[in-house]
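Let me begin by presenting the structure, written as structure tokens, before commenting on it.
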Amino acid sequence: MNHESSAIRRSEDDGFRSSVVRNLVQGEGDSRADDRSRSMVVPRTIIQFWHDPLDIPNDVQRCMESWHPLRDAGFKLLYFDDSSAQRFVADNLEPRHLKAFAGCYHPAMRSDYFRLCYIGLRGGCYVDADDVYNGRCLDVLFRDGRLKLHPLCYDVLSDTMVHRDVFTRSGADSTKWIFYFNNNPLIAPARDPVILRALERSTQLLTEAAAPGNLPEIQSTTGPGNLTASLVAQALVCDETRTSLALMVISNWDDFATSVWPLSYRADARNWRLSNRRRIVR
């Protein structure tokens, strides 16, 4: 079995995946900038998505507008919706990617999938439309070409998230904890291998591996589960080939931006948690 196939097989084991993420988050993994990542640049571009530009809730609009001051700091802000995202995929990727995008039955899935398409090809910083920028300087996240990801930890027993000050502490662990990486924010240079791997895995799940009429689970198909599996597979390949993963773990993303709760859309079908494996009637 070659490095690639072995890495993919092992990365699909939930328990093993969580342990790898734990090691990365708590500092046992390689998170240093190597020569290649030091020479690369993450474009100073903030990308956001809301599926319907004519129906953005007022509270979400205020969240998105909180990022506007970054224009004065030299950032470009780009906004995509269903139509413009579909055009980007059609113009820049292959027909199978367009088919996968069309197979995303919920706006959250299209947002998940599109960010992989855009960041994979162009690089930049994707942030969710319901994140509020706190005003802190972002330069530290753009100083080199490492992939920057925000770790999370979920306690199955209490059905709650574990606070970052707890799960990031060296040695902290529980059999009831699941360590993973969020796909918000998604900060990377163009052609980052983890992002491209996540795009390929998601595309395959949405097209080749999907049964007719099947509505795949969102989190594992296009969301954090997909990204985490892809990162772990890439980490294993790096271990076998003695190359660098070039990852920067940003456990303090909450210092830069806050995901707002509650928002009006979270109470209806636009909230993916209420519509997982269900189609939205438009």
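Just so you know, all these numbers are worked out from the coordinates, no wet-lab data involved. Small disclaimer: the values here were computed from a predicted structure and weren't measured. Heads up, the Cβs are rebuilt from the backbone with ideal geometry, glycines too, and the neighbour counts pull from every protein chain shown.
At a glance:
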item	result
FRET efficiency, Y79 to N23 (Cβ-Cβ, R0 45 Å, nearest 0.05)	0.75
At R0 = 25 Å, FRET efficiency that the Cβ-Cβ distance of T243 and Q204 yields, to 0.05	0.55
Additional length obtainable on full extension of the chain from S259 to Q86, 0.36 nm per residue less Cα span	59.7 nm
Estimated inter-spin distance, N252 and R9, nm [label 7 Å along Cα→Cβ]	4.2 nm
Residues N276 and R191, FRET efficiency given R0 of 30 Å [Cβ-Cβ distance, rounded to 0.05]	0.45
Evaluated over region 5-144, the Cα radius of gyration and Dmax, each in Å	17.5, 48
Net +/- balance of residues flanking V162 in space, Cβ distance below 10 Å, scoring K and R +1, D and E -1	0
Cα gyration tensor, the chain - rounded (a/c under 1.5), prolate or oblate	rounded
Residue-span extension gain [R96 to N2] - 0.36 nm each, minus C-alpha spacing	31.2 nm
Charge dipole (region 115-201, unit charges on Cβ, about Cα centre) - positive-most of W177, A129, L196	L196
Inter-part distance where region 123-150 and region 201-221 are each reduced to a Cα centre, Å	28 Å
Inter-probe distance in nm under a simple model that places probes 7 Å from Cα toward Cβ, at R71 and D139	2.2 nm
